[in-house]
Amino acid sequence: MPHHVVAIVPACDMEASTDFYRLLGFEVAADFGGYRILEDKRGWHLHLNHMPGWPPRVEDYPFGLYLYVDAVAERVRDRIIEPGAPHAKPWGTYEFAISNPTGVLVRIGRAMG
């Protein structure tokens, strides 16, 4: 089995979170009611864990995800939270940021050059 890591992300609204991640290329691989496994058929896996009312304030959400991928900015352009993004960053990526329905910061980018 290949070595990999899977993020388990809280979701206060499973349907809204699933719809959000579909925009990024994920589909439901398994659904156990309060726990849903998403994948993109190319190696990404993401698990949603139903957590109603969490976090109490979206601004306090402490975690984020970084996805390295091309060609999703147009699908989520209305959700980009940085003015003028996507754009080149000093650390060598071309990226932008969006927020999922529960408040998870999702940075999406690709290496430049």
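Here are a few things to note about the model shown:
- Boolean, ARG22 is open to solvent by 90 Å² or more (accessible area, probe 1.4 Å), under 14 Å from the mean Cα position of the chain (by Cα) and charged (D, E, K, R): yes
- Selection status of ILE81, at pLDDT 85 or above, β-branched (Val, Ile, Thr) and surrounded by fewer than 14 Cβ atoms within 10 Å (Cβ to Cβ): yes
- Scanning the stretch 41-60 for residues being within 12 Å of the chain's Cα centre (by Cα), open to solvent by less than 30 Å² (accessible area, probe 1.4 Å) and either farther than 14 Å from VAL106 by Cα or at pLDDT below 90 (or both) gives a total of 1.
- Tallying residues that are assigned to a loop (DSSP other than H, G, I, E, B) and open to solvent by less than 100 Å² (accessible area, probe 1.4 Å) within the stretch 61-78 yields 6.
- Counted residues, the stretch 20-39 - those being free of Cβ contacts under 8 Å to residues at least 60 places away in the same chain and out of contact with any strand residue (DSSP E or B) (no Cβ under 7 Å at 6 or more places or on another chain): 6
- Filter result (of a type in the set (A, V, I, L, M, F, W, C), out of contact with any helix residue (DSSP H, G or I) (no Cβ under 6 Å at 6 or more places or on another chain) and surrounded by 12 or more Cβ atoms within 10 Å (Cβ to Cβ)) within the stretch 97-113: ALA97, VAL104, LEU105, VAL106, ILE108
- Selection from the stretch 2-15 of residues that are surrounded by 13 or more Cβ atoms within 10 Å (Cβ to Cβ) and not in a strand (DSSP E or B): CYS12, ASP13, MET14
Table: residues versus (1) under 25 Å from ARG75 (Cα atoms); (2) small (Gly, Ala, Ser).
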{"site": "PRO2", "(1), (2)": "no, no"}
{"site": "VAL6", "(1), (2)": "yes, no"}
{"site": "SER17", "(1), (2)": "yes, yes"}
{"site": "ALA30", "(1), (2)": "yes, yes"}
{"site": "GLY34", "(1), (2)": "no, yes"}
{"site": "GLU39", "(1), (2)": "yes, no"}
{"site": "PRO55", "(1), (2)": "no, no"}
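- Residue in the stretch 95-107 that is nearest to the chain's Cα centre (by Cα), counting only those that are part of a strand (DSSP E or B) and closer than 14 Å to ALA7 by Cβ: VAL106
- Being open to solvent by less than 40 Å² (accessible area, probe 1.4 Å), in a loop (DSSP other than H, G, I, E, B) and either modelled with pLDDT of 90 or more or touching a Pro at 6+ places or on another chain (Cβ under 6 Å) (or both) is a property that GLY33 lacks.
- Filter result for GLY92 (within 11 Å of the chain's Cα centre (by Cα), at pLDDT below 95 and surrounded by fewer than 16 Cβ atoms within 10 Å (Cβ to Cβ)): no
The values are calculated or read from the model by the stated rules, or taken from the named source; none is laboratory data. Note that the structure is a prediction, hence the values are computed from the model and not measured. All Cβ positions, glycine included, derive from the backbone under ideal geometry; neighbour counts span all protein chains shown. Each accessible area value is taken on the protein alone, full model and side chains, heavy atoms only, with ligands, DNA and RNA left out. Shrake-Rupley method; radii C 1.70, N 1.55, O 1.52, S 1.80 Å.
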